[in-house]
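Before any comments, here is the structure.
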Amino acid sequence: MDLLKILDTKPVPTIVDSQTLGASGNVSGDYWLPTTMCLYQKELTDQIVSLHYSDILRYFETTDYKADVVLESMRTMCLNSEYVATHPYLLIDHYMPKSLITRDIPAHLAETSGKFVVLKDLVNLVQKYETNTAIICRPGRTMDLIEALLLGNKVNIKRYDGSSIKSKQKKPKSYACTCHLFPSSITNTKKFQITISDKFDMLICVDPSVDTDASHIQKILKHSRSGKGSDAKAPIVRLISINSVDHCNIYFSKSYPKDSTELLSKITAGVVVLRDRVGTLPPDLRPIYSQHLNYLVEWLEDSNLPWPLPDVYPIKKYNPMDVERSLLSEVKFNQVEDLDAIFNSNLKKRSRHKDRNGDGAYNHKNKSYYNLKRLKNDYSTNPTKQGMKQLTGITTGGGEDSINYHLVSGILTHKLIQSIGQVYYDIERQVDDLKDYQNMNKIEDDHVTFYTKECDSINIIFQDFNKLIEKFNEDSKKLELSNNRNFEVVQQMETKYTTSVTNFECKNDLDKKLKDFIMEKKTVLEELEREEGQKESRLKEKEYMTLEIKRANEAITTSTDEINKLKTESENIENTIRAKFERDSMTQINVNIRIDNLKEELKNEEKQHDQLETQLSNLIEKLHQVPTSRVRVTNTTKNKGRRK
């Protein structure tokens with residue numbers, strides 16, 4: 001027994017029990033399988049976030065942005081992150097191999113994608129059984145890469161979208177396991193036909209574009225299955241890169257509607273904040289992946305068993321402060337990201353500080369003082385250490401959940417800079433307003449003096465008018481008193497007159513006649529006054545009727561003139577219509593003549609056509625009568641070999 005060889009080998013990591021691992025016993029049929037990311041994928045994810053740096057700040061810190069531009073930028077960032085989480089070659093074209101059917105391509109594709117490593121290990125376990133496994137992904141390049149990866153496994157590959165990357169062979173090798181590649185979205189459901197009669201034992205979702213509620217996906221899940229309960233559909237295994245955009249999408253889509261701005265905001269915040277630990281598995285799961293998923297063999301043999309891995313890990317709902325703090329921090333990844341290297345022997349731990357030259361010296365590049373302290377404001381001469389409230393003069397809500405949460409932290413963020421700039425801007429506006437008020441003070445004083453003088457002059461005029469009004473009132477009162485006195489005198493005189501008339505005694509016939517004459521005179525005067533009033537009213541009525549008659553005569557004259565004009569216009573219109581009718585009749589006669597001429601020309605053309613057909617038939621008969629020449633042909637034979 002070679003003990004040295006045994007001791008020098010890499011120790012096999014132990015897998016904790018399901019209770020410690022946190023397995024929830026999920027039997028819903030929809031499971032998630034977290035995957036890792038290689039170093040290249042992590043760096044690309046960080047670079048994608050850096051490219052959208054300004055739009056991310058504008059989206060989370062401001063409201064005065066063009067919604068269509070910024071929202072489209074956030075969706076583009078999430079889509080590119082999904083491409084990178086699946087495989088970097090989906091986004092980076094110049095690293096795409098020219099040929100995907102060479103022998104080293106499957107291993108090369110697995111090296112550059114953690115999700116492809118997990119897919120390869122999962123297919124290695126499934127290929128030992130006689131099964132039908134459905135793999136669903138985006139159509140096009142994604143399906144090409146997965147097919148190239150599966151060429152390294154001992155499985156039959158059947159593709160339902162596009163053309164295969166490998167040319168057909170006369171006698172392809174047959175294996176027990178068959179992998180069926182389906183697109184996540186289809187345009188024509190009639191062309192989507194499943195040719196096998198057996199059911200699918202498992203459905204693997206490679207990227208988050210797979211909607212399991214779609215009709216063609218349900219058709220795959222229920223194919224050749226008539227049972228109920230857990231046997232009604234095939235189990236679904238989702239390959240989700242942990243702490244990536246896939247993880248954020250599958251977690252937050254349970255709480256927010258699809259394609260909503262709230263869902264986009266939460267996914268974007270998660271992608272930005274979690275990019276420093278994207279694709280990093282928790283310590284309890286690492287032994288499972290280092291042993292190439294052999295832990296799942298028992299579940300693969302019986303899919304009715306509970307899922308042996310934990311459910312989807314929850315993700316915190318990050319606020320704009322968390323996003324900005326993450327953007328201000330620098331993300332660094334370890335140079336060694338291999339799962340096997342994590343469980344390496346003690347030799348690796350002893351030599352982990354060696355540089356690439358192998359001289360054993362610890363090559364540590366000291367950071368500058370600013371790089372170490374730039375986020376903490378931690379230096380002795382910093383005047384801002386007394387607190388942001390005292391420095392800015394802005395009161396805060398006192399908690400990170402308040403509106404002014406960006407003022408509670410000691411970090412100099414973009415939001416805080418914007419708030420300080422807004423306060424200075426408001427102060428400058430107030431100072432400008434004070435200066436304007438001071439400049440306008442002299443002008444306003446002149447206005448006050450002018451209006452005061454005008455008011456005094458108006459008051460003088462008003463007083464003069466009041467004196468006149470008082471004088472007029474006194475005169476009117478005096479006139480009213482004199483009129484009342486005169487009225488009383490007249491009434492007294494009339495009363496005296498009537499009494500004197502009634503009390504007059506007729507001593508003789510002359511007195512009697514005199515009294516009758518006086519009464520008759522009174523009656524005549526009254527009638528005379530009445531007749532004069534009627535005369536005035538009749539004169540006014542006569543004047544009114546005279547005016548009305550004059551107006552009626554004028555109206556009659558105007559109506560007569562209008563009638564004459566209308567008669568003249570109607571006669572003109574009738575003459576015009578008559579002329580047009582005559583012109584149209586002449587035009588119709590000319591058209592009929594032209595039609596007759598065309599008919600005659602058509603008959604002539606038909607005659608010429610018949611003559612030409614006759615000549616052509618005669619010519620064909622003559623050609624048939626011409627004898628054909630005889631040519632001697634030699635037959636040559638070639639020997640053809642059979643390809644074995």
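The values are calculated or read from the model by the stated rules, or taken from the named source; none is laboratory data. In this text the structure is predicted, and so the values were computed from the model without any measurement. For neighbour counting, all protein chains shown are included, and Cβ atoms are generated from backbone atoms with ideal geometry for every residue, glycine included.
Details
- Just one of the numbered conditions (1) surrounded by 22 or more Cβ atoms within 10 Å (Cβ to Cβ); (2) in a helix (DSSP H, G or I); (3) of a type outside the set (Asp, Glu) is not true of TYR251: (1).
- In region 1-36, the qualifying residues are those that are surrounded by fewer than 16 Cβ atoms within 10 Å (Cβ to Cβ) and touching an Asp or Glu at 6+ places or on another chain (Cβ under 9 Å), and the one that is modelled with the lowest pLDDT is LYS10.
- Subset of region 300-330 [surrounded by 18 or more Cβ atoms within 10 Å (Cβ to Cβ) and more than 42 Å from the chain's Cα centre (by Cα)]: LEU300
- So ILE240, is it crowded, with 16+ Cβ neighbours inside 10 Å, more than 27 Å from LYS222 (Cα to Cα) and modelled with pLDDT of 90 or more: no
- First in region 243-259 and in contact (Cβ under 8 Å) with a residue 24 or more places away in the chain, second anywhere and acidic (Asp, Glu) and not in a helix (DSSP H, G or I), Cβ under 9 Å, 6 or more apart: ASP246/ASP207
- Evaluated against (1) outside any helix (DSSP H, G or I); (2) in contact with a helix residue (DSSP H, G or I) (Cβ under 9 Å, 6 or more places away or on another chain), ASN26 falls short on exactly one condition, (2).
- Within region 276-290, being farther than 14 Å from PHE333 by Cα and surrounded by fewer than 16 Cβ atoms within 10 Å (Cβ to Cβ) holds for PRO282, PRO283, ASP284.
- Residue check for ILE220: in contact (Cβ under 8 Å) with a residue 40 or more places away in the chain and over 28 Å from VAL271 (Cβ atoms): yes
- Of all residues in region 197-232 being among the β-branched types (Val, Ile, Thr) and out of contact with any Cys (no Cβ under 7 Å at 6 or more places or on another chain), the one that is modelled with the highest pLDDT: ILE204
- Evaluation of LYS219 against the conditions (1) in a helix (DSSP H, G or I); (2) surrounded by 18 or more Cβ atoms within 10 Å (Cβ to Cβ) shows that the sole unmet condition is (2).
- Yes/no for LEU39 being surrounded by fewer than 20 Cβ atoms within 10 Å (Cβ to Cβ), without any contact (Cβ under 8 Å) to a residue 40 or more places away in the chain and either under 27 Å from LEU109 (Cβ atoms) or touching a strand residue (DSSP E or B) at 6+ places or on another chain (Cβ under 6 Å) (or both): no
- Yes/no for SER265 being assigned to a loop (DSSP other than H, G, I, E, B), at pLDDT below 95 and of a type in the set (S, T, N, Q): no
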